[in-house]
Every structure is written in C-alpha cells, then in structure tokens.
Amino acid sequence: MCEARNMELLDDEAIARELTDLPEWKRAGEAIVTTVKLADFNGAMDFVNRVAEVAEAQNHHPDITIQWNKVTLTLSTHAAGGLTPFDFRLARSLDALR
C-alpha cells in the first residue's frame, strides 16, 4: 500500500509556509510546479533522468513535461487528492539537482 494514502493533506496556510522555502516553486491548484531551463535537449534529458532517480528513491513521482531545453515538474500526492508533506520533501530534493 502506498504510504501517501495515509498522508494528511496540507491546508492553505501550511502550503504557503512550505513554499517560502521553495522560491522556484509555485502553487497551481492542488499541485506545485516549477520549470527548469537547461542548455539544450540533452541537458533536459539528463536532468529528467536524475529526477527519475530521486523520485524512485522516494517512491513519489512528479508529472514531467519536456519542451526541448525546459523541464516542468508538477507535484501532487494523487493518492491523497492534493498536497502533502511528500510533495515538499521531493521538491527540496529536486531543487538540489538544479
């Protein structure tokens, strides 16, 4: 069973607090989103592969959009129906890859 199913959703105040430490991330409804610009397509693919390793290690996976040299990451705990501490923990880990 996914650990996230038992994770409590964060309220608006908690989400705002979490985002103060993540300036590159913005709230988008029941998710948080960031876009990373890389040198070129190969750089974007390398970044995505590193994201995949971190996501697998945490057993929490972002939605990923690749547009040549831009990678957009969207985090939400789908099993819980919104934002949980899992999303912010992964966001911090992914920021370390920039």
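Laboratory data are not the source of any read-out in this text; all were calculated from the coordinates shown. On a predicted model such as this, the values are computed, not experimentally measured, just so you know. For neighbour counting, all protein chains shown are included, and Cβ atoms are generated from backbone atoms with ideal geometry for every residue, glycine included.
As a rough footprinting exposure proxy, the listed residues ILE32, ILE66, ILE15 were ranked by other beta carbons within 10 Å of their own, and the order from fewest upward is ILE66, ILE15, ILE32. A convex hull fitted around the alpha carbon atoms of the chain yields 83 Å³ per residue.
A Cβ-based charge dipole, computed about the Cα centre of the chain with Lys and Arg at +1 and Asp and Glu at -1, lands at about 280 debye. Picking from GLN58, LEU19, MET45, whose Cα lies most toward the positive end of the charge dipole for segment 7-95 (charges on Cβ: Lys, Arg +1; Asp, Glu -1)? The listed residue farthest towards the positive side: MET45.
Counting neighbouring Cβ atoms within 10 Å and putting the fewest first, the residues THR65, THR74 line up as THR65, THR74. Each of ASP12, ASP87, ASP46 was scored by other Cβ atoms within 10 Å of its Cβ. Arranged with the fewest first, they read ASP12, ASP46, ASP87.
Report, in deg cm²/dmol and to the nearest 500, the calculated mean residue ellipticity at 222 nm for the chain, where each DSSP H run with n ≥ 4 adds -39500 (n - 2.57) and the sum is divided by the residue count. Dividing the helical sum by the residues of the chain leaves -12000 deg cm²/dmol.
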